[in-house]
Amino acid sequence: MNDESQNKMGSPTPEELRQQVERTRDELGQTVEALAGKADVKTQAKEKSAAARKQAAEKTAELKEQAAEKTAAAKEQAAEKATAVKEQAAEKSAELKEQAAEKSAELKEQAVEKTAAVKEQAAAATAQIRAKTAQAAQAVKDRTPDPVQEKSVQAAAQVRESAARAGQFAVDRTPDPLLEKADRLAKAARANRTPLLAGGAVLVAFLLIRRGRGRSK
């Protein structure tokens, strides 16, 4: 059998085999290129994903750092503001205390001055009253006869005795609170005892003189 008989029976010729091989080679080349392209796309996708994750991590770290810096700055500003407010409050409090102390000292000084002035005026008035009372008593004594003076002394003694009895009677019947109040009033009266006694003596002498003159008529 020769080549022609084989061709007639359907066997491929060498040229046909060569063409089939070339077609198969082309198909394999395209398949390899397609597979290589797919592998390259996956690699690129992985690289892009890794780059994106890296960028996201860097951005997150940067944002965290910025947030920490802002928080620290805000805390520092708040601390400085609080310190300034405390210092201002302390200065204001010290200023108010100083003003209050100065005002208190001024008021005390004025009160002392007024008290001294009142005491001085009271002492002068008391001295004048005593002097006038002494003058009046002396004048009455000079004008009063001896018998009348003796009667005045006796009358004064009787008045004191009657007052003592009346006082004891009042004490026996007076409640304790009223006694305490009366004691305070008595102490206050004893401070001006001399003018009152002199005035009482003058009054008693005057009454006795009038009484003596009435009898002489």
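Values in this text are rule-based calculations from the coordinates and carry no lab data. Please read all numbers here as calculations on a predicted model, not as lab measurements. Here the Cβ positions follow ideal geometry from the backbone for every residue, glycine too, while neighbour counts run over all protein chains shown.
What the table below lists for this structure:
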{"read-out": "Chain lengthening between GLN66 and ALA89 when straightened (0.36 nm per residue, less Cα-Cα)", "value": "4.8 nm"}
{"read-out": "Phi-based couplings in Hz for the stretch 13-19 (Karplus 6.51, -1.76, 1.60; Gly and Pro marked x)", "value": "8, x, 5, 5, 4, 5, 5"}
{"read-out": "Hydrodynamic radius by Kirkwood, which averages 1/r over all alpha carbon pairs of the stretch 80-123, in angstrom", "value": "12.9 Å"}
{"read-out": "Estimated FRET transfer efficiency when R0 is 41 angstrom, pair ALA57-ASP26 (beta carbons, to 0.05)", "value": "0.30"}
{"read-out": "Per-residue HN-Hα couplings for the stretch 73-81 [Karplus 6.51, -1.76, 1.60; θ = phi - 60°; Hz; x = Gly/Pro]", "value": "5, 5, 4, 5, 4, 5, 5, 5, 5"}
{"read-out": "Environment charge of ALA52, counting only residues whose C-beta is closer than 12 Å and scoring Lys/Arg +1, Asp/Glu -1", "value": "+3"}
{"read-out": "Extension reserve of the LYS97-ALA137 stretch, reckoned as 0.36 nm per residue once the Cα distance is removed", "value": "8.6 nm"}
